[in-house]
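Report on one structure; see the data block that follows.
The values are calculated or read from the model by the stated rules, or taken from the named source; none is laboratory data. Just so you know, these numbers come straight off a predicted model, no measurement behind them. Cβ placement follows ideal geometry from the backbone for every residue including glycine, while neighbour counts extend to all protein chains displayed. To get the accessible areas, we keep the full protein, side chains included, count just its heavy atoms, and leave off ligands, DNA and RNA. Shrake-Rupley method; radii C 1.70, N 1.55, O 1.52, S 1.80 Å.
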Amino acid sequence: MSLGKHPHQGCLLFLSGLPGETRAILDASSVTALRTAAVSGLATDMLARPGARVLSWFGGYHQALWQWRSVEKVRRLSNVF
């Protein structure tokens with residue numbers, strides 16, 4: 001059921017170093033999307049053939065768009081399926 005919310009839910013806790021007090025609680029939806037996409041770009045750069053220009057993608061919604069953008073940073077794509 002769609003509630004109009006990001007499908008990736010989570011939070012980031014920022015704690016002080018010494019006493020361990022909570023300093024901030026932040027929504028992690030964007031951070032999660034960026035982190036996952038960054039790893040996809042890195043994996044593509046390290047594992048794909050250097051001349052690879054075609055991306056076959058399985059999945060969808062907003063995470064797929066973040067990952068597609070990250071792959072485009074390391075490869076000049078001619079086709080995306």
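Gain on full extension, evaluated as 0.36 nm per residue between Trp57 and Asp45 minus their Cα-Cα distance, stands at 2.7 nm. Amide H contacts under 5 Å for Ala28: Gly10, Cys11, Leu12, restricted to partners 5 or more places along the chain or on a different chain, H placed in the peptide plane at 1.01 Å from N.
The heavy atoms of Lys5 offer some 140 square angstrom of accessible surface to a 1.4 angstrom probe. Extension gain for Ser78-Arg35 works out to 13.0 nm (0.36 nm per residue, less the C-alpha to C-alpha distance).
Computing Kirkwood radius over Cα pairs in Å directly from the structure and comparing it against [x] 14.8; [y] 13.2; [z] 14.3 singles out [x].
Given 0.36 nm per residue, what is the gain on full extension from Ala24 to Cys11 after removing their alpha carbon distance, in nm?
Working: separation 13, 0.36 × 13 = 4.68 nm, distance 0.99 nm.
Stretched fully, the Ala24-Cys11 segment lengthens by 3.7 nm.
Dipole magnitude for the chain: about 360 debye, using +1 per Lys or Arg Cβ and -1 per Asp or Glu Cβ, origin at the Cα centre.
Could you report the chain's accessible area per residue, 1.4 Å probe, as an integer in Å²?
Values: 6360 Å² over 81 residues.
Here the per-residue accessible area is 78 Å².
Each helix, a run of at least 4 DSSP H residues, gives -39500 (n - 2.57); summed and divided by the residues of the chain, these come to -13500 deg cm²/dmol at 222 nm. If you roll a 1.4 angstrom probe over the protein chains with everything in place, what fraction of the accessible area of the chain belongs to carbon and sulfur, to the nearest %? Carbon and sulfur atoms account for 61 percent of the accessible area of the chain.
Per-residue 3J(HN,Hα) values for the range 17-29, derived from phi via the Karplus relation 6.51 cos²θ - 1.76 cosθ + 1.60 with θ = phi - 60°, read x, 8, x, x, 6, 6, 9, 7, 10, 10, 5, 9, 4 Hz in sequence order (x marks Gly and Pro). Couplings for the range 33-48, taken from phi via the Karplus curve 6.51 cos²θ - 1.76 cosθ + 1.60 with θ = phi - 60°, read 4, 5, 5, 5, 5, 4, 5, 5, x, 5, 4, 4, 4, 8, 10, 7 Hz in order; Gly and Pro are left as x.
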